[in-house]
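Just below is one structure, and these are the notes that go with it.
The values are calculated or read from the model by the stated rules, or taken from the named source; none is laboratory data. A quick note: this is a predicted structure, and the numbers were derived from the prediction, not measured. Methodologically, a virtual Cβ is constructed for each residue, glycine included, from the backbone with ideal geometry; neighbour enumeration extends over all protein chains shown. The accessibility values were calculated without ligands, DNA or RNA, using every heavy atom of the protein model including side chains. Shrake-Rupley method; radii C 1.70, N 1.55, O 1.52, S 1.80 Å.
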Amino acid sequence: MAISTQSWGDMIKEPNVAGGFYSADPKELSDSIDYYEQSTGPVPTDRKVLIAISPHAGYPYSGPVAAYAYKAISRNHYKTIVVIGPSHFHAFEGISIWPKGAFKTPLGVIPVDEDFAQALLKENTAEFHVLPEIFSPEHSIEVELPFLQKTFDNVRIVPILMGDPDPQVCRDLAVALDKLIGTRDDVLILISSDMSHYYTYDVANQMDALSLKAIQEIDPKKFFEGCISRKMEMCGFVPVTTALLFAKLRGIKHVEVLKHANSGDTSGDKSRVVGYSSVIFYSDLLGQADPPDEESRVLNPAQKKELLKIARNSIESFVKTGKAPDINTKDARLNEIQGAFVTITKHGALRGCIGNIIGQEPLYETVRDMAVAAASQDPRFSPLTAAELKDIDVEISVLSKPRSVKDASEIQLGKHGVIVSKDGHQGVFLPQVATETGWSKEEFLAQLCSQKAGLPAEAWKDPDTALYVFTADVFSEK
């Protein structure tokens, strides 16, 4: 096993395919990556990329394709890059996370984001493991790292290897990543995977086209089942399935295949080829600004009335039958993806409050689901009973998209809801909390850190603590 020290704190994963998959000479390696990136065709560099897929074969074969993905993400700013690859040599259940230290390549050392890795391990102790021996012979993560080192300074990685094809593990990892990333916009999910293996040139292209179509459609079920049935093929289909599920959770709708080729295109031997692709998933354009307070998306009275009716009917249906109602609306505004909180009070006292800050589904569905959750899943309260329905009032807070602020001076009490995030801990207060409590800004932020995020009360003053603000359109049955 290629580990250079005994201490986890200094644990360095030595390269094991340098001199094979890519040059062990730092200058030759650096020059080769420069050459691949200079040789790419037109690549969009103005996308805010949240997920990228890149191949991991020997650089002479896959390097010209991988360069497209790295060039496309080069103008993005990331602090953490979660690198997920398949395990080629060990079959195992769940995933293996490298939790500390760093990975080494001929270009130097790239550190692990230990706080993120440790927080991820705590999300699922049954499926998320520390199995360093799984990394020993593996190349799927290592091959990506020199490209990362040439593209970014001062990033940290979270190396993850995935084992047996279990869709539940894919879902659990996607959910855990979605939770930990929260409102952060400085995290990239990088999937390492080649495509079809050892078919003729034409058959490989046909299979790869099916795979890429399912990826572009962001259809994890179709993609996973296609790979299991061997109609599609990617060695990293388990990580890719996880990425598709994550994209669904985040409401990502834009996918772009930057480049697809196979080893027959580079070697000339088209009798037995391996496919490669560079793909990006992005939310919008870099530097694209939202309208101030999203004024163009303000709800009118009829829309607010409809949402309150949806919330009330959803609560009553679930309490009485255990099922949320099937609903639909033709209102285009209510079909926009947006976050919301639903608050239930009883005789003026809080009885439940659950929300989704980042919209992942149409607003009317968000309200339905959050209403049910507020009535049945708030850990501070027992589930709502049918006898209480006549005594409750429903309030809805429709949220703008959170934006980061440099420091607390930009926060306006009563107008802004605030999110605090540090080292995997996150908490949120709605704008109305400040009004209801009468807290000063310092008290508001201290309570947010200690009460909601489990951080020290003064954590909001730490430059490493991320602060985000959002506005809320608040309305109720009263």
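What's the carbon and sulfur percent of the chain's accessible surface, probe 1.4 angstrom, rounded to a whole number?
Working: 10280 of 20660 Å².
Using a 1.4 Å probe with all protein chains present, the chain comes out at 50 percent carbon and sulfur.
Using a probe radius of 1.4 Å on heavy atoms only, what accessible surface per residue do you get for the chain? Whole Å² is fine.
On the way: 20660 Å² over 478 residues.
Here the per-residue accessible area is 43 Å².
What is the set of long-range amide H partners of residue 158 at a cut-off below 5 Å, with H atoms built 1.01 Å from backbone N?
Excluding prolines and chain starts, which carry no amide H, the hits are 81, 82, 83, 113.
Among 364, 199, what's the order by accessible area (1.4 angstrom probe), most exposed first?
Values: 364 15, 199 60 Å².
Descending accessible area places them as 199, 364.
Quick one: 3J(HN,Hα) in Hz for the range 210-220, Karplus 6.51/-1.76/1.60 with θ = phi - 60°, rounded, Gly and Pro as x.
Per-residue couplings from phi come out as 5, 4, 5, 5, 5, 5, 5, 7, 6, 10, x Hz.
Of 439, 460, which has the most accessible area and how do the rest follow, probe 1.4 Å? Provide the component values of the computation, followed by the final result.
Working: 439 70, 460 40 Å².
From most exposed to least exposed: 439, 460.
Can you give the calculated 222 nm mean residue ellipticity of the chain, where each DSSP H run of n ≥ 4 adds -39,500 (n - 2.57) and the sum is split over every residue, rounded to the nearest 500 deg cm²/dmol?
Calculated at 222 nm, the ellipticity per residue is -10000 deg cm²/dmol.
Rg(Cα) of the range 360-478 divided by 2.2 N^0.38 Å? It would help to have the intermediate numbers written out before the result.
Details: Rg = 15.7 Å, N = 119, 2.2 N^0.38 = 13.5 Å.
Dividing the Cα Rg of the range 360-478 by 2.2 N^0.38 Å gives 1.16.
Ignoring ligands, DNA and RNA, how do 337, 357 rank by accessible area with a 1.4 Å probe, largest first? Walk me through the intermediate numbers first.
On the way: 337 55, 357 25 Å².
I get 337, 357, largest accessible area first.
If amide H atoms are built 1.01 Å from N in the plane of the peptide, which residues on other chains or at least 5 residues away come under 5 Å of the amide H of residue 477?
394
Let me cross-check residue 50: its accessible surface, 1.4 Å probe, with only protein heavy atoms counted, in Å² to the nearest 10?
40 Å²
Would you kindly derive the ³J(HN,Hα) couplings of the range 373-390 from the backbone phi angles with the Karplus curve 6.51 cos²θ - 1.76 cosθ + 1.60 (θ = phi - 60°), listing them in order in whole Hz, with x for Gly and Pro?
With coefficients 6.51, -1.76 and 1.60, one gets 5, 4, 7, 10, 10, 5, x, 7, 9, 6, x, 5, 10, 4, 5, 8, 4, 6 Hz.
Could you derive backbone 3J(HN,Hα) for the range 315-320 from the dihedral phi with the Karplus parameters 6.51, -1.76 and 1.60 (θ = phi - 60°), listing whole Hz in sequence and x where the residue is Gly or Pro?
My calculation for the range 315-320 gives 5, 5, 4, 5, 5, 7 Hz in order.
Which percent, nearest 5, of DSSP beta bridges in the chain are antiparallel? Write out the running numbers ahead of the final one.
Numbers: 56 of 78 bridges.
Looking only at bridges with both residues in the chain, the antiparallel portion is about 70 percent.
In nm, give the distance between the simple-model label positions of residue 386 and residue 404, each being 7 Å from the Cα along the Cα-to-Cβ direction.
Result: 5.1 nm between the two label points.
Loop only by DSSP, 10 or fewer other Cβ within 10 Å of the Cβ. Give me the trypsin sites (Lys or Arg not before Pro) in the range 394-458 that pass, ordered by residue number. Each step should come with its number before you reach the end.
Working: sites: 403, 406, 415, 422, 441, 452; in loops: 406, 415.
In loop regions of the range 394-458 (DSSP not H, G, I, E or B), the sparsely surrounded trypsin sites (Lys or Arg not before Pro) are 406.
Pairs 221/320; 13/270; 330/415; 79/122: which are spaced more than 29 Å apart, C-alpha to C-alpha?
Working: 221/320 32 Å; 13/270 36 Å; 330/415 31 Å; 79/122 21 Å.
Pairs exceeding 29 Å: 221/320; 13/270; 330/415.
Given Cβ point charges of +1 (Lys, Arg) and -1 (Asp, Glu) and nothing else, what value in debye, to the nearest 20, does the dipole of the chain about its Cα centre take?
Numbers: 49 positive and 64 negative charges, 223 e Å.
Approximately 1060 debye in magnitude.
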